[in-house]
Each structure stands twice: as C-alpha cells, then as structure tokens.
Amino acid sequence: MKNQINAESARRLLQSQGWLTQRPQQFQIDILQYAQLLAYDTGSYTHHIGDEPGGVFAVVQGSFGVLGPNLASGVVMGHVHRAGAWFGEGPLIFGTRRLLEFRALEPSTVMHVPLVALERLQHRDPDFRNQIMTLVAHSSLLVSRAVSDLLIRRSEQRIAAVLLRVSGADGLTGPSVTGPVHLTQSIIAELSNCSRHTANVTLKAFEQRGWLEIGYATLTIHSPDGLRSFLTEEN
C-alpha cells in the first residue's frame, strides 16, 4: 500500500473530492458513519458479476478497473475509478445482483458502506434514496462518455480521449490529477479498443510531443490541453 490511511482521514478525503462533495452535508455525515475501511491487493476484486447484492464503495487510494459483460469478449474493462469515485449502488436501487465487477489495478483502499446500513438509512430518511439516485445519474454520465470515446473513428484520437477520461487529468470525472497514475499500455489498449502495438506507438508519439511521460506501469499527463487540441484535428 502506498500510504496507510486511517478511517477519519479517508472520510475527510471523500468529503473533499468526488461525487460526495455535491451532496448535502447531513447526507455525507449519515453515509460515512457506516463506512468501513478496506484494502485490496493488485488484481483483487470488490465483487464479481452475478454476486449477491451488497453495499457501495468509495475509492480512497489507488484505482479500480470497471469491468462489464461483452457478448464478443466476455468481460472487458471500460473505465478506471480513482480517489473520490463511488460505485456499487445498483443493488440498493434496482434490487439486483451485481451487474459489474471492479478490480484493483494497484494496491488500493476503499471505504465500504454495507447494504444493510444503506437500507437502514433509506428507511429512516425518504430523501436518502433521491441522493443515491444522483450517483446513478453520475455513473450514467460516465458510461455515456465512455461510449462516446469509443465512437471516435481515428484510433490515435480515441486513445487521447480515453487518456483524458481515465487518468483524471481533465478533472471531469473527478478531481484533476497532475501526478503519475497507474496505467499500463495493455490497459490503455483495452480501454481504447485497439491493439497494444497501436497504443504503444501512439503513447510514444504523445510523449515526444511533450503531452505525457511514460513510466513503469504509470503515465503522467503533462498537457491535457495538448490532448484536447489533438482531438479536434482533422483526420
């Protein structure tokens, strides 16, 4: 684990970035009072598709790949959650088993609020469900953006769009990230629906332009504006 963090520090972090910051203060207090700090090793899962219903998770440190079913390829990764991101609201809202699965891409820490606690809060406060529904809306916007990125025809531009979204460099899907983030070239290829060769060549070209820096299983985005400008270039 990068840095050990206690539960109180984790609560403060979640109240300072991400979806929860947009919710009323009392809601923040209510949901966080039941949150439990959990750690995940690289490659471990919070849950799998089809698992029994459970609670919600909030990323405190590290990152999680968001994986869903694909008719052609089985289970594929579509996004990466970083600090401040919340997920797992489906069972509470829809009463279903798990529809997605989340894999730690590096040693990671989350706050977990059990389903029984969420149901207790929902029973106590009629507005609680409305607040959770805003997380559903937030997740839907992420899905819409991921689909939009994959509809970009030119692979190099598609990779640029994916990098902006999953690295956190643009600040649109969470707090703006300026330092190195864990992203391997194989993950970028999967997220961008292209070959590893195409991803590798494109990333090296972006590095030569000074837009990013490639490290060992990491990327640092130096120029989000450069990537954005590239997205508007003519083919």
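Below, the figures for the structure above:
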quantity	calculated
Any chance Val80 is in the same structural domain as Leu38 (by TED's automatic domain parsing), farther than 16 Å from Val136 by Cα, in contact (Cβ under 8 Å) with a residue 24 or more places away in the chain and not small (Gly, Ala, Ser)	yes
Matching entry among Glu106, Glu101, Glu89 (being farther than 22 Å from Glu190 by Cα and outside the structural domain of Glu190 (by TED's automatic domain parsing))	Glu89
Answer residue from region 93-112, given it is under 25 Å from Leu219 (Cβ atoms) and among the β-branched types (Val, Ile, Thr) and is surrounded by the most Cβ atoms within 10 Å (Cβ to Cβ) among those	Val110
Hits in region 123-145 (condition: buried (at least 17 other Cβ atoms within 10 Å of the Cβ) and modelled with pLDDT of 95 or more)	Phe128, Gln131, Ile132, Leu135
Unmet requirement for Ala117, which otherwise passes all of (1) crowded, with 17+ Cβ neighbours inside 10 Å; (2) not assigned by TED's automatic domain parsing to the domain that holds Leu14	(2)
Unmet criterion (only one of (1) outside the structural domain of Leu121 (by TED's automatic domain parsing); (2) at pLDDT 95 or above) for Val66	(1)
Any pair with Cβ under 7 angstrom, 6 or more apart, that starts in region 220-235 at a residue that is surrounded by 15 or more Cβ atoms within 10 Å (Cβ to Cβ) and ends at one that is among the basic types (Lys, Arg)	Gly226/Arg209
Selection from region 183-235 of residues that are under 15 Å from Leu164 (Cα atoms) and modelled with pLDDT under 90	Thr232
Among residues of region 207-225, those that are touching a helix residue (DSSP H, G or I) at 6+ places or on another chain (Cβ under 7 Å) and within 23 Å of Ser63 (Cα to Cα), counted	7
Qualifying position, being of a type outside the set (A, V, I, L, M) and loosely packed, with under 13 Cβ neighbours inside 10 Å, among Gly74, Gly90	Gly74
Condition met for Ser155 (of a type in the set (S, T, N, Q), within 15 Å of the chain's Cα centre (by Cα) and surrounded by fewer than 20 Cβ atoms within 10 Å (Cβ to Cβ))	no
Residue among Gln157, Gln122, Gln131 that is outside the structural domain of Leu37 (by TED's automatic domain parsing), more than 29 Å from Thr42 (Cβ to Cβ) and out of contact with any His (no Cβ under 6 Å at 6 or more places or on another chain)	Gln157
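The values are calculated or read from the model by the stated rules, or taken from the named source; none is laboratory data. It should be emphasised that the depicted structure is a prediction, and the values quoted were computed from it without experimental measurement. Positions of Cβ are backbone-derived with ideal geometry, glycine not excepted, and every protein chain shown enters the neighbour counts.
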